[in-house]
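**Q** Handing you this structure, nothing more for now.
The values are calculated or read from the model by the stated rules, or taken from the named source; none is laboratory data. Because the structure is a prediction, the values reported are computed rather than measured. FYI the Cβ positions are ideal-geometry reconstructions off the backbone, even for glycines, and counts take in every protein chain you see. Side chains included, ligands, DNA and RNA excluded: accessible areas come from the protein's heavy atoms. Shrake-Rupley method; radii C 1.70, N 1.55, O 1.52, S 1.80 Å.
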Amino acid sequence: SLFPDNQAHQVKFDGGYNFTPSTRGNVTVSYSRWLQDQNFLPYSNIFTPATPLPRSSLDGDIATLFTNVNLFSRLTNKLDVKARYTYENRDNNTPRDTYLRMQGDTVNTAQQPTPTDDQARVNWNYGLLRHFVDAEAGYRITPMTKLQLGYSFERKERDYSEVDTTDEHTGRVRLSA
């Protein structure tokens, strides 16, 4: 069969502002929504399973809010700094249900699994909340040589995952010549 019909909608805002001739900030904010509500195909075209589909369609609904804020400043001819913050919230509102994993149209319904069988599967509607902070300073040692120091922190919080929250710290040192 073909992929199910779906809809995606997005509203996005981008903007920037020069605070001073050497300091600039910009921001991106977007809101997206994905919907899927096409009727499911039956478990089988030949047999009618003892357990029907738990719902007539996925009724998929995912909303995402994304925000990114950047700030850059050249403090002197040799020193610059930049910072960034990213926020992402993917809220998956798709209902969860138990679906049977059918063996095919050639197997009689008496041999098909039941919702309590290990062949039954629950659809995982993964969600994500993400925070990312990044800061970097660069110093021009010579006109052709630059030293950069940076640090970033990322936190991810997930739904229906083996690990609910992960934190990642990253430090960077870079010499470009």
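**Q** Can you find, within segment 18-31, the residue that is surrounded by the fewest Cβ atoms within 10 Å (Cβ to Cβ) among those that are of a type in the set (Val, Ile, Thr) and more than 24 Å from ALA63 (Cα to Cα)?
**A** THR20
**Q** Filter segment 1-42 down to the residues that are acidic (Asp, Glu) and touching an Asp or Glu at 6+ places or on another chain (Cβ under 7 Å) and list them by number.
**A** Correct list: ASP37 only.
**Q** For ASP80, indicate whether it is out of contact with any Gly (no Cβ under 6 Å at 6 or more places or on another chain) and either of a type outside the set (S, T, N, Q) or closer than 30 Å to GLN119 by Cβ (or both).
**A** no
**Q** I'm told TYR160 meets every condition in (1) at negative phi; (2) assigned to a loop (DSSP other than H, G, I, E, B); (3) hydroxyl-bearing (Ser, Thr, Tyr) except one. Can you identify the failing condition by its number?
**A** (1)
**Q** Would you be able to say whether some residue in segment 142-157 is assigned to a strand (DSSP E or B), farther than 21 Å from ARG84 by Cα and open to solvent by less than 80 Å² (accessible area, probe 1.4 Å)?
**A** Yes, the conditions are met somewhere in segment 142-157.
**Q** Can you run down the residue pairs with Cβ atoms below 6 Å, 6 or more apart or on separate chains, where the first is in segment 11-28 and under 20 Å from VAL81 (Cβ atoms) and the partner is open to solvent by 100 Å² or more (accessible area, probe 1.4 Å) and in a strand (DSSP E or B)?
**A** As it stands, the answer is ASN18/ARG24; SER22/ARG74; GLY25/TYR17, since those pairs meet every condition given.
**Q** Being modelled with pLDDT under 95, open to solvent by less than 90 Å² (accessible area, probe 1.4 Å) and not aliphatic (A, V, I, L, M) is the requirement here; does PHE47 meet it?
**A** Yes, satisfied.
**Q** Counting just the residues of segment 82-132 that are over 14 Å from the mean Cα position of the chain (by Cα) and of a type in the set (A, V, I, L, M), which one comes out modelled with the highest pLDDT?
**A** By that ranking, first place goes to ALA83.
**Q** Next question, about the same structure. ILE46: closer than 30 Å to ASP134 by Cα, in contact (Cβ under 8 Å) with a residue 24 or more places away in the chain and of a type in the set (A, V, I, L, M), yes or no?
**A** Spelling it out, it is not the case that ILE46 is closer than 30 Å to ASP134 by Cα, in contact (Cβ under 8 Å) with a residue 24 or more places away in the chain and of a type in the set (A, V, I, L, M).
**Q** Any residue in segment 3-17 that is under 18 Å from the mean Cα position of the chain (by Cα), polar (S, T, N, Q), open to solvent by less than 50 Å² (accessible area, probe 1.4 Å) and modelled with pLDDT of 95 or more?
**A** No, the conditions are met nowhere in segment 3-17.
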